[in-house]
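Working notes, beginning with the structure itself.
Every read-out reported here was derived from the displayed coordinates using simple, explicitly stated rules and does not represent laboratory data. The structure displayed is predicted, hence computed values, not measured ones. Glycine gets a Cβ as well: all are built from the backbone with ideal geometry, and neighbour counts include every protein chain shown.
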Amino acid sequence: MLFVMFFRQFRSLCLAMMLVCIAAGVCAENEGAGAGMSTGLSSVEVVEQMHTHTAARIQELKHFTALRHYQVEYKGYSATIVGRMDVEANYDAAQGMSFRIVSQSGSKFLCDKVLKRAVDSEVEASRDSGSTALTPANYKFQMMGSETIDGRPAYILKVEPLSDGKFLYRGKIWVDAADFEVVKMEAEPARNPSFFISRTLIHYTGAPAHGFWLPRKIRSETKVRIGGTAVLTIDYGTYEFESKAPNIAGN
């Protein structure tokens with residue numbers, strides 16, 4: 001009964017987690033050539049640069065495919081339940097995202113009630129990207145400093161949602177100082193999806209692939225009040241592209 005009760009509520013959690021890949025650039029932006037960190041930028045200026053780069057570069061990506069690897073693991077009451085799913089993701093500039101389940105294994109219950117719903121949630125979020133984007137209309141931003149991520153300087157911003165929308169979150173984002181892309185995120189949903197969930201922590205990383213910044217991995221860990229922990233991971237695999245190739249040295 002506990003498993004059923006928890007995973008009914010877990011759908012809202014999956015919706016929140018799927019925002020990460022949407023907001024962080026599933027529509028994609030190409031990698032810039034600059035490597036030096038700008039100095040003295042405010043949070044407002046960083047967010048403006050993010051928006052400007054998105055608007056200027058989103059036209060570059062026309063199509064990609066990738067084989068994603070989804071896994072959810074629940075541990076509680078001396079039991080461990082695991083569900084896995086491989087999903088072919090297709091992005092088309094004209095039609096948006098589409099998915100095809102290639103294989104699944106482990107718990108059918110977890111695959112049906114968590115992983116399939118996670119895929120459906122990404123489709124839902126992509127249809128209303130304006131209400132989920134990292135913009136001043138949805139978030140308040142605060143500069144927290146800078147840090148080097150994978151050898152590249154990045155700004156650290158605190159993000160606070162202006163509402164408790166199911167796809168919004170609060171936490172910190174790391175924005176590449178040259179490309180103004182979200183390369184890392186540590187966050188939690190803007191609202192707790194259920195009384196039975198005590199806390200959810202979401203970790204996101206992005207990386208350049210063939211000149212475009214795209215999601216690399218998401219890991220979400222949820223603590224259940226009554227007992228147990230659920231961990232959802234998404235490995236975004238290797239991307240195959242059809243695009244206007246960005247003119248970037250070394251790519």
Checklist entry - Glu45 to Asp120: extension gain in nm, 0.36 nm per residue of separation minus the Cα-Cα distance? => result 23.6 nm
Checklist entry - How far, in nm, would the chain grow between Ala93 and Ser163 when pulled straight, counting 0.36 nm per residue and subtracting the alpha carbon separation? => result 22.3 nm
Checklist entry - So if we plug the beta-carbon distance of Ile101 and Glu242 into 1/(1 + (r/R0)^6) with R0 = 30 Å, what FRET efficiency do we get, rounded to 0.05? => result 0.85
Checklist entry - What ranking, highest mean first, results for peptides 41-51, 176-186 when packing means the other Cβ atoms within 10 Å averaged over each residue? => result 176-186, 41-51
Item to check | Backbone N within region 208-245 under 19 Å of label point (7 Å from Ser78 Cα along the Cβ vector) | outcome: 226-229
Checklist outcome for this item: Quick calc, Lys223 & Gln59: beta-carbon distance into FRET formula, R0 35 Å, rounding 0.05, result 0.25
Item to check | Exceeding the 27 Å Cα-Cα cut-off - candidates Lys108/Lys184; Lys75/Lys166; Lys62/Lys158 | outcome: Lys108/Lys184; Lys62/Lys158
